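Asker: Take this structure, written in structure tokens, and hold onto it; I'll ask about it next.
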Amino acid sequence: MKNKYFPVFLKKISIILIIGLSFSSCDNYPNEIPNHEVTAQWADMTLFITKNTPANSPTFASRCLGYMGLAQYESVVHGDLNHQSLAGQLNQLESLPLPQSEYSYNWLIVLNRSQSLLLKSLYLQTSDENKLKIDSLENRIYKILKKSTDRKIASQSIAFGTELAKAIFEWSKSDGGHRGYLKNFDQEFRREPFDGSWKPPLFAQSFSHKPLHPNWGENRTFSPKNTLLELPTYITYQTSKESDYYNQFIEVYQKEKNLTKEEKEAAIWWSDDPDETFSPGGHLYYITNSLIRKNKPSTITSAKILAMVGMSVADAFIKCWKWKYHFFTERPNTFIPEFIDQKWESFWPDPPFPSFPSGHAIQASAAATALINTFENNTELIDSAHVGRERDHVRNIEFKARSYKSIWEVAKETADSRFYGGIHTRQDNKVGMEQGAIIAKNIINFNWKK
Amino acid sequence: MYRRIFLLLCFSIFVKVQGQQFTDITNRSGIDHYFEVYEGMFGGGIAVLDYNNDGFEDLYITGGMQEDQLLENLQNGTFKNVLKTARLESVLRFVTQGVAAADFNRDGWMDLFVTTITTKSQKRKIPRAQNLILINQGDGTFKNNSKSFGIQRIESFSTGISVGDFNLDGYPDLYVGNYFTDYDGGLKEISDATIVNAGKTAKGYLYENKGGKRFKEVSEKYNIDHRGFSFGGIFTDFDNDNDLDLIVNNDFGYKAKPNYLLENLYPKKEFQYVGENYEMDLRINAMGGATADINADGFLDYFISNIRYNRFMIQDPEKNIFKDQAEALGTQLFTISWGANFNDFDHDGDIDLFVSNGDLNPNCVPMYNFFFENVNGQFKEESTKFGLKDYGVGRGSAIFDLENDGDMDLIVVSQKPIREYGPPSITRLYRNDIEEGNYLQVKLKGNASTLSAHGARIQVFSDSLFINQEIDGGNTSHLSHNSTLAHFGLGKRKIIDSLKVIWPGGEITKMNQIKTNQKIFVEETQEFKKRRSNLIWWLIPISALGFYFFIRNKKKQHKI
């Protein structure tokens, strides 16, 4: 008799087990996620979207990094006793939504929500597939955080994150760069040529022969002080040998003839072509994220450093473009074939915009200055940003991880790499580095703490 | 009196020797044309065709924002634009780019394929449009058969067209280059996402001609899956195995996708990427090209036009690689090149080279065209001496025989400069007045092959001379289609010892002891075999099966 009923019992147990297991298999999410990983995973996603959205540009990418970094900080700042919102300090931003004092929040859920919504808003032009990827990350992180969060708190946090993202996005729309990807190359742009003026490149990165975003320099900076920076100085045009101007270009010419393997690798590594990568600004955001993962700082520190770097890079590009179009200077590929060697060609192709000052230098210096404000300058780091990329066939260079002994070394190599690439002179880099540091200090000097 | 006549004679001889070797007869020829760009640098081209079968070569020139022209050769060195009487008005709606000619439906009349980038009526946010097939009706008119040929649905940004019977069925197939991504079914909705995607690289079209009635896009079937900013391909038999391979020219090869060399694996329905092995994966701004066996070793070589320095790819058949010999051969001059045409313009028994140059509109720095005279295997730039030093914004160029006088003349399309520009920039016709040396012209008539025998090889032997020429399928040069007339300069030779035609597929026609200074006509002996439709092989078993079930059913009913 027992034997007769045992299978029925087993069958029931099995069904219960299967149902139980299937329920448990619905939730493959871990029970927790380190705080710094939430910020880092959103930085990863920001970089993924930057890299995988067509018609990307270094200018537009830097702008988004500024807002995404700021949104990280504003999402968690009210949960920290020592820090305060930047509303009222940022250019034309009087206020941002405040959390309700009677409510409790999970600040990481706020961050998770605001990052997702803002990224989809800023990158309105990204593919539906990419938008699903953003939703998927939001959903995954939310599922983990929800496990240790009261339902009501989770719901209030989502509402606040939504409100915050909407407010930042609304503010962003008036900065001059909103949907800037639609006007990368203004067909109506015209500048009368003059001695030493920029000419569209023949060895070019872009098929457009109009320069990129000629009005980007008019955009609103994050820091009001950065709007008011004075013009740097530029060496006067001269073609005579021994002149300072000529020497700038002969130095580029001679360097190209004697590039070492290391210098070639640096030139390729930092090229950060926006058509294929997350652009120069994204590269520094990536390094910031590597330092966050390595040092595992608190949530507020992680978010703050992403905000500082993002906004420094964004302001650096605005100022850089302001000055590029003010001076409208030629690249070595214009001067050298005309006055030194007609057959000369730079190691790396020209980007579609004027030379002075170097965008790579200014933004790398700005980012490094912001980073050094949080991490020690002598922090050693390994940069794996382009590991796994197919080698550069034209120049036969592999993409291998690079090591640095200090943060400033990263900035210096970023700037030098453009000199090795033959697309910038030393003065482009020098002024870029100097101005980048000034721009970042104006971001660092916000009253971040109460 | 005699002294005066003598002096006059001497002066005439002097003028002949010292004067221009080509004469610019644009004004007196009745050609009034320039190409107007839509935005920036793209277009235009010329196709040479005898559209009315009167034995004189006519021209079709694309106009971009201007009107295209069908120029009927009036047999006296002048032309008449007959575009409208030929009922080609439908092209006027489009911003045209390139053109090629072939008898697509094998009715004995030359048809046209024209590429476009957008329509003229309204400025589109994303410029795209369908391409056009214009079928010659044999009565001086054409009919736009794009719909029935099945190409109307796709809106593309198309460039160069090459004609070649890659599957050896006798119908002219096509490779059409695309620069930016296309839209099958047209652009229905324009969002920010579609706008940012519009500037991406594109796939080209490998069009298989299905019985002269429609084109089927078969690139996937034939294992062609690359993308690129392409100015199209060139059908050519680079490996001498009697089928047509494909060279694809891509702009921004150093950044986006390089040039591709695709080996036709006929009879397998497959092309194989062999560019890296042959070192033909050029990573340059490849704009166009020209084909010739420049060192007479039996294997074809290729001139690829580029920004700054062109490439002269000489084939090494022992190592199975190509090497750039531009510097060694003397053609490495700084410029921006588009069209290129090989021909023995001066009939001295070696092959010269014309190169059409022009800035990237709207940049407007004048740069002159090149004429490289072949002097003992070295190329010397002699555009001034030969009267070809034009500073127009050059693009496509083509060679043809204007007056059936045995030498090859030249037409070069120029763009209207967007900005102020010193020299005039118009399409120019140059009559070849060199009158040196002997020549032979060969006109092939394909039967098993396409009517013009695209891709056929003609080899001429005359004492120490060996010339090896491929019949042009189009898009050698830039967006253009040269004459399909084979032309050989022979110097002082009066007799050709032998002439060999290698028809696509490998059939050979041989001829001996041919007198020079004439045009000969050679017809393919192998007959065209119309392939039976595959449908019949499906219909037979299906019908048999149907019949079986019908009988079985009947029997069952009978039993009931």
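Asker: Roughly speaking, what is the centre-to-centre gap between region A:322-401 and region A:219-258 when only Cα atoms are used, to the nearest Å?
Answerer: 14 Å
Asker: Next up: Report the gain in length on full extension from residue A:124 to residue A:182: 0.36 nm times residue separation, minus Cα-Cα distance, nm rounded to one decimal.
Answerer: My answer for the length gained is 19.7 nm.
Asker: Along the principal axes of its C-alpha atoms, what lengths does region A:186-444 span, in descending order and rounded to whole Å?
Answerer: 55, 42, 36
Asker: What residues qualify as long-range amide H neighbours of residue B:253, i.e. H under 5 Å apart, gap of 5 or more or another chain, H built at 1.01 Å from N?
Answerer: For residue B:253, the qualifying residues are B:284, B:285, B:286.
Asker: Around residue A:79, what is the net charge, scoring Lys/Arg as +1 and Asp/Glu as -1 over all other residues with Cβ under 15 Å from its Cβ?
Answerer: Neighbourhood net charge equals +2.
Asker: Per residue of B:275-284, how many C-beta atoms from partner chains lie within 10 Å of its own C-beta, taken as a mean?
Answerer: 1
Asker: Can you bin region A:257-407 into rounded, prolate or oblate? Criterion: square roots of the alpha carbon gyration tensor eigenvalues sorted a ≥ b ≥ c, rounded for a/c under 1.5, prolate for a/b above b/c, oblate for the rest.
Answerer: Numbers: a/c = 2.45, a/b = 1.47, b/c = 1.67.
Oblate is the answer for region A:257-407, as a/c is 1.5 or above yet b/c matches or exceeds a/b.
Asker: For the protein assembly as shown, taking Cα atoms only, what is the radius of gyration to one decimal and the Dmax to the nearest whole Å?
Answerer: Values for the protein assembly as shown (Cα only, Rg and Dmax): 33.8, 145 Å.
Asker: Now for a different question. Over chain B, give the accessible area per residue in Å² for a 1.4 Å probe, as an integer.
Answerer: On the way: 22710 Å² over 560 residues.
Heavy-atom accessible area per residue stands at 41 Å².
Asker: Ranked from the most accessible area to the least, with a 1.4 Å probe and all protein chains present, what is the order of A:409, A:102?
Answerer: A:102, A:409
Asker: Can you list the residues, at least 5 places off or on another chain, whose amide H is less than 5 Å from the amide H of residue B:340, using H built in the peptide plane?
Answerer: Amide H neighbours of residue B:340, under 5 Å, 5+ apart: B:289, B:356, B:397, B:477, B:478.
Asker: Is there a simple number for the mean count of other chain Cβ atoms within 10 Å of the Cβ of residues in B:249-256, and what is it?
Answerer: Per residue, the number of nearby Cβ atoms from other chains is 4 on average.
Asker: Using +1 on the beta carbon of Lys and Arg, -1 on that of Asp and Glu, and nothing else charged, what's the dipole of region A:186-444 about the Cα centre, debye to 20?
Answerer: That gives region A:186-444 a dipole magnitude of about 660 debye.
Asker: Under a GNM of chain A (C-alpha, springs under 10 Å), which listed residue has the highest mean-square fluctuation: A:234, A:181, A:420?
Answerer: A:234
Asker: Checking an interface number: how much accessible area is buried between B and A, summed over both chains, with a 1.4 Å probe, in Å² rounded to 100?
Answerer: Heavy-atom accessible area buried at this interface is about 2600 Å².
Asker: Students often forget the sequence filter, so: which lysines lie under 28 Å Cα-Cα from residue B:268 once same-chain residues fewer than 8 apart are removed?
Answerer: Cα-Cα hits under 28 Å: B:203, B:210, B:213, B:216, B:221, B:257, B:319, B:445, B:500, B:529, B:530.
Asker: Here's something else I'd like to know. Measure off 7 Å from each Cα along the Cα-to-Cβ vector at residue A:296 and residue A:230, then give the distance between these two points in nanometres to one decimal.
Answerer: 4.8 nm
Asker: Cβ neighbours within 10 Å, averaged per peptide: list A:201-212, B:135-146, A:276-287, B:211-222 in order, most packed at the top. It would help to have the intermediate numbers written out before the result.
Answerer: On the way: A:201-212: 20.9, B:135-146: 17.5, A:276-287: 26.2, B:211-222: 16.0.
Listed from highest to lowest mean packing, they are A:276-287, A:201-212, B:135-146, B:211-222.
Asker: Going toward the positive end of the dipole of chain B, with +1 on Lys and Arg Cβ and -1 on Asp and Glu Cβ, which of B:73, B:138, B:97 do you reach last?
Answerer: Projecting each Cα onto the dipole axis, the largest value belongs to B:138.
Asker: I want to check the label-to-label distance for residue B:227 and residue B:523. Put each point 7 Å from Cα in the C-beta direction and report it in nm to one decimal.
Answerer: 5.0 nm
Asker: Then there's this: Number of Lys pairs in region A:255-331 with C-alpha atoms less than 24 angstrom apart, excluding same-chain neighbours closer than eight positions?
Answerer: Lysine pair count for region A:255-331: 5.
Asker: If Lys and Arg each add +1 and Asp and Glu each add -1, what is the summed charge of the other residues whose beta carbon sits under 12 Å from the beta carbon of residue A:221?
Answerer: +2
Asker: For residue B:345, which sequence-distant residues (separation of 5 or more, or a different chain) have an amide H within less than 5 Å of its own amide H, given hydrogens modelled in the peptide plane?
Answerer: Amide H neighbours of residue B:345, under 5 Å, 5+ apart: B:352.
Asker: Nearest-5 percent of antiparallel DSSP beta bridges in the protein assembly as shown? Walk me through the intermediate numbers first.
Answerer: Details: 121 of 131 bridges.
About 90 percent, rounded to the nearest 5.
Asker: Take region B:54-114, compute every pairwise Cα distance, and split them into 5 Å bins from 0; I just need the percent in each bin.
Answerer: Distribution as computed: 4, 17, 26, 26, 18, 8, 1 percent.
Asker: Here's another thing I want to ask about it. Going by average Cβ neighbours within 10 Å, how do the peptides B:77-88, B:484-495, B:248-259 rank, with the highest at the top?
Answerer: B:248-259, B:484-495, B:77-88
Asker: HN-Hα J couplings of region B:261-273 from phi, Karplus 6.51/-1.76/1.60, θ = phi - 60°, integer Hz, Gly and Pro as x?
Answerer: Using θ = phi - 60°, the values come out as 10, 10, 8, 6, 9, 3, x, 5, 8, 7, 10, 10, 6 Hz.
Asker: Two decimals is fine: what is log10 I(q)/I(0) at q = 0.07, 0.11 Å⁻¹ for chain B, from a Debye sum with one equal scatterer on every Cα and no solvent?
Answerer: Ignoring solvent entirely, the Cα scatterers give -0.39, -0.93.
Asker: Need one value: the accessible area of residue B:542 in square angstrom, 1.4 angstrom probe, rounded to the nearest 10.
Answerer: That residue has around 100 Å² of solvent-accessible surface.
Asker: Charges at C-beta only: +1 for Lys and Arg, -1 for Asp and Glu. How large is the resulting dipole of the protein assembly as shown about its Cα centre, in Debye rounded to 20?
Answerer: 4840 debye
Asker: Something else now. In what order, largest first, do A:319, A:441 sit by accessible area if the probe radius is 1.4 Å? Each step should come with its number before you reach the end.
Answerer: On the way: A:319 10, A:441 110 Å².
Per-residue accessible area, sorted high to low, gives A:441, A:319.
Asker: Here is a further query. Mind telling me which of A:272, A:186, A:315 comes out most flexible in a GNM of chain A, alpha-carbon contacts under 10 Å?
Answerer: Looking only at A:272, A:186, A:315, the largest GNM fluctuation is found for A:186.
Asker: A further question on this structure: May I ask for the distance between the Cα centers of region A:99-134 and region B:122-185, given as a whole number of Å?
Answerer: Measuring centre to centre over Cα atoms gives 46 Å.
Asker: I've got another one for you. Would you mind computing, in nm to one decimal, how far apart the modelled labels at residue B:316 and residue A:390 are, each placed 7 Å from Cα along Cα→Cβ?
Answerer: 2.5 nm
Asker: Helix B:2-18 sits at what angle to the longest principal axis of chain B, using alpha carbons and giving 0 to 90 degrees rounded to 10?
Answerer: 40 degrees
Asker: How many percent of Cα pairs in chain A exceed 31 Å?
Answerer: 44 percent
Asker: Where the eigenvalues come from the Cα gyration tensor of region A:29-172, what are the semi-axes √(5λ) of the equivalent ellipsoid, largest first, in whole Å?
Answerer: Sorted largest first and rounded, they come to 23, 20, 12 Å.
Asker: With every protein chain present, what accessible area does residue A:107 have (1.4 Å probe, heavy atoms only), rounded to the nearest 10 Å²?
Answerer: 60 Å²
Asker: Return the Rg/Rh value of region B:12-144, two decimal places, where both radii are evaluated on C-alpha atoms and Rh is the Kirkwood radius. Could the numbers behind the result be given before it?
Answerer: Details: Rg = 16.8 Å, Rh = 16.0 Å.
Computed over Cα atoms, the ratio is 1.05.
Asker: Computing the accessible area with a 1.4 Å probe over protein heavy atoms, can you report the carbon and sulfur percentage for the protein assembly as shown?
Answerer: 51 percent
Asker: Let me ask another. What do you get for the angle between helix B:535-559 and the principal long axis of chain B? Use alpha-carbon atoms, 0 to 90 degrees, nearest ten.
Answerer: 10 degrees
Asker: With +1 on each Lys and Arg Cβ and -1 on each Asp and Glu Cβ, and nothing else charged, work out how big the dipole of chain A is about its Cα centre, in Debye to the nearest 20.
Answerer: Values: 53 positive and 50 negative charges, 387 e Å.
I would put it at about 1860 debye.
Asker: Quick check: from the Cα gyration tensor, does region B:201-244 come out rounded (a/c under 1.5), prolate or oblate?
Answerer: It comes out oblate by the Cα gyration axes.
Asker: May I ask you to evaluate 6.51 cos²θ - 1.76 cosθ + 1.60, the Karplus curve with θ = phi - 60°, for each residue of region B:340-346 and list the ³J(HN,Hα) values in order in whole Hz, giving x for glycine and proline?
Answerer: 8, 9, 8, 5, 8, 4, 9
Asker: Considering only DSSP states other than H, G, I, E and B, which GluC sites (Glu not before Pro) in region A:184-240 qualify as loop sites with at most 14 other Cβ atoms within 10 Å?
Answerer: Of the GluC sites (Glu not before Pro), the ones in loops of region A:184-240 whose Cβ has at most 14 other Cβ atoms within 10 Å are A:188, A:230.
Asker: So for region A:29-172, taking the charge dipole from beta-carbon charges (+1 Lys/Arg, -1 Asp/Glu), which of A:89, A:110, A:123 sits furthest toward the positive end?
Answerer: A:123
Asker: A further question on this structure: Considering every residue in B:495-508, what mean count of other chain Cβ atoms within 10 Å of its Cβ is obtained?
Answerer: Taking the mean over all residues of the peptide, I get 0.
Asker: Mind pulling the per residue volume of the convex hull built on the Cα atoms of region A:243-327? Å³ is fine.
Answerer: Convex hull volume per residue, Cα atoms: 147 Å³.
Asker: Something else: So what are region B:417-470's ellipsoid semi-axes, whole angstrom, largest first, if each one is the square root of 5 times an eigenvalue of the alpha-carbon gyration tensor?
Answerer: Working from the Cα gyration tensor, I get semi-axes of 36, 21, 11 Å.
Asker: Now, a different point. Could you run the Debye sum over the Cα atoms of region B:102-241, one equal point scatterer each and no solvent, and tell me log10 of I(q)/I(0) at q = 0.10, 0.17, 0.22 Å⁻¹, two decimals?
Answerer: -0.35, -0.95, -1.42
Asker: Using a 1.4 Å probe and ignoring any ligands, DNA or RNA, find the accessible area of residue B:500 and quote it in Å² to the nearest 10.
Answerer: 50 Å²
The values are calculated or read from the model by the stated rules, or taken from the named source; none is laboratory data. Quantities reported herein were computed from a predicted structural model and do not represent experimental measurements. When we count neighbours, we look across all protein chains shown, and the Cβ atoms used for this are built from the backbone with ideal geometry, even at glycine. Ligands, DNA and RNA are excluded from the accessible area calculation, which covers all protein heavy atoms including side chains. Shrake-Rupley method; radii C 1.70, N 1.55, O 1.52, S 1.80 Å.
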